[in-house]
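Data block below; observations after.
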Amino acid sequence: MLFDVSCITREKLMETLRIYDMIQFIDFSRRMAKGNKNFIEVREIAHTGNFPVIAFFLTDFSVSTSDKQNVLFTAMHSGIEYSGANTLFRLIEILLDESDSSLNFLRKYQIVIAPVVNPYSYEIGGLENQYRTEFSCDPYSDPWSVDGIADPSLNVEAAAIQALIDEFRPELFIDCHGVFFKGQHMIENTGVSVHGMSRPHNEIFVNKINDASKEMGYHSEYLELRQKSLPVIPELAGRKYQTCSQKINACVYAYHNYHTLAMVMEIGFVESGLARLIRALELGLIKWDGEIMAGFPVNRVFGEGLEGLHPCSSVRDKRRLERVTLWNNMHNYSYAVLYPQIPGRETYALLHSKPTVPAYETVPEDSYLVYNPGIAPKLPDCPFSISFKIPFLNASIKKITVNGKNIPVNLWEWSKYDGFSLVFVKFPDGIDKETFVTVTYNFNTGASTD
């Protein structure tokens with residue numbers, strides 16, 4: 001039987017989706033904390049004057065945080081986009097249900113959830129209050145820059161979210177938006193919000209998230225299906241190209257400063273939102289193509305073509321620190337690639353200045369170094385790895401040299417994916433001099449015989 005829309009009166013349509021008022025939300029917070037002390041801590045992370053901003057910190061406190069990834073879920077427009085908040089309320093309950101999957105998430109992650117970022121708008125309601133707080137403007141986009149919040153004393157809600165981002169430097173950050181009224185629908189998507197840059201750097205991750213809701217019968221729009229799907233440069237801004245508000249938001253701040261996999265999620269249906277958030281957590285437990293270990297795909301922080309820079313450590317908190325250090329210094333790294341690149345060898349160098357090919361490097365005739373200078377050239381002084389994508393699946397390493405000397409096998413790792421053989425060369429102490437790395441290998445074309 002088709003749904004008869006004529007039964008929705010204006011009064012019913014304008015009834016909001018809010019399931020808790022602020023008093024009930026505070027009571028929910030207390031109930032969650034009281035019954036689950038081994039897995040949750042509830043904090044007031046800010047106070048607006050009349051309302052608290054509350055965050056839920058979920059993890060297995062019996063497991064060391066040193067080897068956990070960090071995840072942040074917010075509802076920056078809740079505010080009155082109640083379906084975003086409702087989804088996060090339900091996610092908190094699921095994560096505390098003591099199922100095998102939830103317990104595994106809590107062992108592997110520190111998960112921080114802020115379901116009501118704008119308590120004034122959430123409590124007062126009304127479309128006229130969507131883009132304001134008790135004393136200021138929309139905490140989602142208005143006060144942000146890549147350097148942080150303008151006037152934190154006035155924009156206390158947004159400043160509280162920045163403090164969480166700065167403290168946890170999350171691998172994953174999803175900001176949940178949605179709809180206001182019962183009977184309202186919307187185009188659901190991940191990473192296609194109209195306000196600000198809201199799409200993460202890994203499109204495959206987005207598509208896999210969306211698959212979770214489609215498997216349940218919900219739709220999910222892809223950015224590529226919109227008419228304006230090409231990236232835009234200022235000279236071509238307009239309806240033929242992918243355009244968006246020029247406002248910075250919390251997702252951009254997290255990506256810009258910490259190389260976080262950050263995105264906005266539009267949620268019309270709680271079940272769909274939950275499926276996508278849970279799938280996102282599942283995706284952080286697998287090994288992604290181009291990565292050396294399981295985890296969210298955030299660790300190739302610098303590189304073009306066949307080479308890239310990555311963290312070196314295998315312990316999560318050290319890996320996070322290395323990721324952020326490399327990311328925020330990438331504009332200063334100078335590097336060179338031996339060109340033309342030919343089957344059987346790859347040479348990559350990290351440098352202070354424009355190089356010549358060292359005498360110890362035996363190179364084919366007419367080879368030369370393509371140099372890419374940094375703004376203020378420096379060398380990576382933290383632990384890091386260089387990855388080499390060898391464009392043959394059937395390859396085997398002959399030798400790896402650093403500044404002309406063979407390195408031991410414990411300083412490199414090897415894997416295969418998607419037609420590539422992938423080599424990671426480790427520098428656990430960083431480097432303090434110009435460094436040339438050469439990988440020589442045997443290869444066969446065609447399908448794998450493994």
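Just checking, how many residues over the range 324-360 are in a strand (DSSP E or B) and basic (Lys, Arg)? Let's see the steps before the verdict.
Step one: of the range 324-360, the residues in a strand (DSSP E or B) are 333-339, 345-351.
From what is left, the residues that are basic (Lys, Arg) are 345.
Of the residues in the range 324-360, 1 are in a strand (DSSP E or B) and basic (Lys, Arg).
Looking only at the range 412-443, how many residues end up being under 29 Å from the mean Cα position of the chain (by Cα), part of a loop (DSSP other than H, G, I, E, B) and under 22 Å from VAL301 (Cβ atoms)? First the steps, then the outcome.
From the range 412-443, those under 29 Å from the mean Cα position of the chain (by Cα) are 412-431; that's our starting set.
Those left that are additionally part of a loop (DSSP other than H, G, I, E, B): 418-419, 428-431.
If we keep only those that are under 22 Å from VAL301 (Cβ atoms) too, we end up with 418, 428-431.
Count: 5.
For VAL298, are the conditions met, namely being in a loop (DSSP other than H, G, I, E, B) and farther than 22 Å from THR65 by Cα?
Judged against the criteria, VAL298 is not a match.
Within the range 421-447, take every residue that is farther than 15 Å from SER313 by Cβ and of a type in the set (Gly, Ala, Ser) and give me the one that is modelled with the highest pLDDT.
So the first thing to find is which residues in the range 421-447 are farther than 15 Å from SER313 by Cβ, and the list is 421-423, 431-447.
With of a type in the set (Gly, Ala, Ser) added as a condition, the list becomes 421, 446-447.
Details: SER421: 92, GLY446: 61, ALA447: 54.
Going through the qualifying residues, I end up with SER421.
Going residue by residue through the range 71-79, is there one that turns out to be small (Gly, Ala, Ser), free of Cβ contacts under 8 Å to residues at least 12 places away in the same chain and either surrounded by fewer than 19 Cβ atoms within 10 Å (Cβ to Cβ) or in contact with an Asp or Glu (Cβ under 8 Å, 6 or more places away or on another chain) (or both)?
For the range 71-79, residues small (Gly, Ala, Ser), free of Cβ contacts under 8 Å to residues at least 12 places away in the same chain and either surrounded by fewer than 19 Cβ atoms within 10 Å (Cβ to Cβ) or in contact with an Asp or Glu (Cβ under 8 Å, 6 or more places away or on another chain) (or both): absent.
Give LYS287, LYS318 a once-over and let me know the one that is over 19 Å from PRO170 (Cβ atoms) and either surrounded by fewer than 16 Cβ atoms within 10 Å (Cβ to Cβ) or not assigned by TED's automatic domain parsing to the domain that holds MET216 (or both).
LYS287
I'm told ASP60 meets every condition in (1) crowded, with 22+ Cβ neighbours inside 10 Å; (2) among the acidic types (Asp, Glu); (3) touching a helix residue (DSSP H, G or I) at 6+ places or on another chain (Cβ under 7 Å) except one. Can you identify the failing condition by its number?
Going through (1) crowded, with 22+ Cβ neighbours inside 10 Å; (2) among the acidic types (Asp, Glu); (3) touching a helix residue (DSSP H, G or I) at 6+ places or on another chain (Cβ under 7 Å) one by one, ASP60 breaks only (1).
For the range 362-399, which positions are hydrophobic (A, V, I, L, M, F, W, C), in contact with a strand residue (DSSP E or B) (Cβ under 8 Å, 6 or more places away or on another chain) and touching a residue at least 40 places away in the same chain (Cβ under 8 Å)?
Matches in the range 362-399: LEU379, PHE384, ILE386, PHE388, ILE390, PHE392, LEU393, ALA395, ILE397.
In the range 413-442, what residues are loosely packed, with under 15 Cβ neighbours inside 10 Å and within 19 Å of ILE342 (Cβ to Cβ)?
Of everything in the range 413-442, those that are loosely packed, with under 15 Cβ neighbours inside 10 Å and within 19 Å of ILE342 (Cβ to Cβ) turn out to be GLY419, THR440, ASN442.
Can you pull out every residue in the range 397-412 that is surrounded by 14 or more Cβ atoms within 10 Å (Cβ to Cβ) and under 17 Å from ILE292 (Cβ atoms)? Step through it out loud before you land on a result.
Quick first cut of the range 397-412, residues surrounded by 14 or more Cβ atoms within 10 Å (Cβ to Cβ) only: 397, 400-403, 407, 411-412.
Answer for the range 397-412, where residues must be surrounded by 14 or more Cβ atoms within 10 Å (Cβ to Cβ) and under 17 Å from ILE292 (Cβ atoms): ILE397, ILE400, ILE407, LEU411, TRP412.
Output the number of residues of the range 372-411 satisfying the condition of being of a type in the set (S, T, N, Q), over 17 Å from TYR348 (Cα atoms) and assigned to a strand (DSSP E or B). Break it down into steps so the answer makes sense when it comes.
Of all residues in the range 372-411, those of a type in the set (S, T, N, Q) come to 372, 385, 387, 394, 396, 401, 403, 406, 410.
Next cut, over 17 Å from TYR348 (Cα atoms) only: 394, 396, 410.
Going one step further and asking which of them are assigned to a strand (DSSP E or B), we end up with 394, 396.
Counting residues in the range 372-411 that are of a type in the set (S, T, N, Q), over 17 Å from TYR348 (Cα atoms) and assigned to a strand (DSSP E or B) gives 2.
Restricting to the range 90-103, give me the number of residues that are touching a residue at least 60 places away in the same chain (Cβ under 8 Å) and either crowded, with 23+ Cβ neighbours inside 10 Å or farther than 25 Å from ILE267 by Cα (or both).
1
Is it true that some residue in the range 220-231 is in a helix (DSSP H, G or I), modelled with pLDDT under 95 and either touching a helix residue (DSSP H, G or I) at 6+ places or on another chain (Cβ under 6 Å) or under 23 Å from MET76 (Cα atoms) (or both)?
yes
Would you check if there is a residue in the range 112-120 being surrounded by fewer than 19 Cβ atoms within 10 Å (Cβ to Cβ) and either among the polar types (S, T, N, Q) or closer than 17 Å to ALA55 by Cβ (or both)? Break it down stepwise before answering.
Of all residues in the range 112-120, those surrounded by fewer than 19 Cβ atoms within 10 Å (Cβ to Cβ) come to none.
Checked against the condition, which is being surrounded by fewer than 19 Cβ atoms within 10 Å (Cβ to Cβ) and either among the polar types (S, T, N, Q) or closer than 17 Å to ALA55 by Cβ (or both), the range 112-120 yields no hits at all.
Scan the range 134-153 residue by residue and report those that are more than 17 Å from GLU123 (Cβ to Cβ) and either of a type in the set (Gly, Ala, Ser) or free of Cβ contacts under 8 Å to residues at least 40 places away in the same chain (or both).
CYS137, SER141, PRO143, SER145, ASP147, GLY148, ILE149, ALA150, ASP151, PRO152, SER153
Can you tell me which residues in the range 303-313 are modelled with pLDDT under 95 and either in contact with a helix residue (DSSP H, G or I) (Cβ under 7 Å, 6 or more places away or on another chain) or not in a strand (DSSP E or B) (or both)?
Within the range 303-313, GLY303, GLU304, GLY305, LEU306 qualify.
One line per residue, one yes/no per condition, for (1) of a type in the set (S, T, N, Q); (2) in contact with a strand residue (DSSP E or B) (Cβ under 8 Å, 6 or more places away or on another chain); (3) more than 29 Å from TYR140 (Cβ to Cβ):
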| site | (1), (2), (3) |
| --- | --- |
| GLY268 | no, yes, no |
| ASP289 | no, yes, yes |
| ASN299 | yes, yes, no |
| LEU321 | no, no, no |
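Which members of the range 264-302 meet the condition of being at pLDDT 95 or above, within 12 Å of the chain's Cα centre (by Cα) and among the aliphatic types (A, V, I, L, M)?
Listed by number, the residues that qualify are ALA280, LEU281, LEU283, VAL298.
What number of residues within the range 241-260 satisfy the criterion of being loosely packed, with under 15 Cβ neighbours inside 10 Å and modelled with pLDDT of 60 or more?
Adding up the residues that qualify gives 1.
For a quick check of your reading: which strands (runs of 3 or more DSSP E) sit entirely within the range 15-81 and have at least 2 residues that are more than 30 Å from ILE286 (Cβ to Cβ), assigned by TED's automatic domain parsing to the domain that holds TYR109 and of a type in the set (A, V, I, L, M, F, W, C)?
On the way: elements: 40-47, 52-58, 69-74.
So the answer is 40-47, 52-58.
The values are calculated or read from the model by the stated rules, or taken from the named source; none is laboratory data. What you see is a predicted model, and the numbers here were worked out from it, not measured in a lab. No Cβ is skipped: glycine too gets one built from the backbone with ideal geometry, and neighbour counts run over all protein chains shown.
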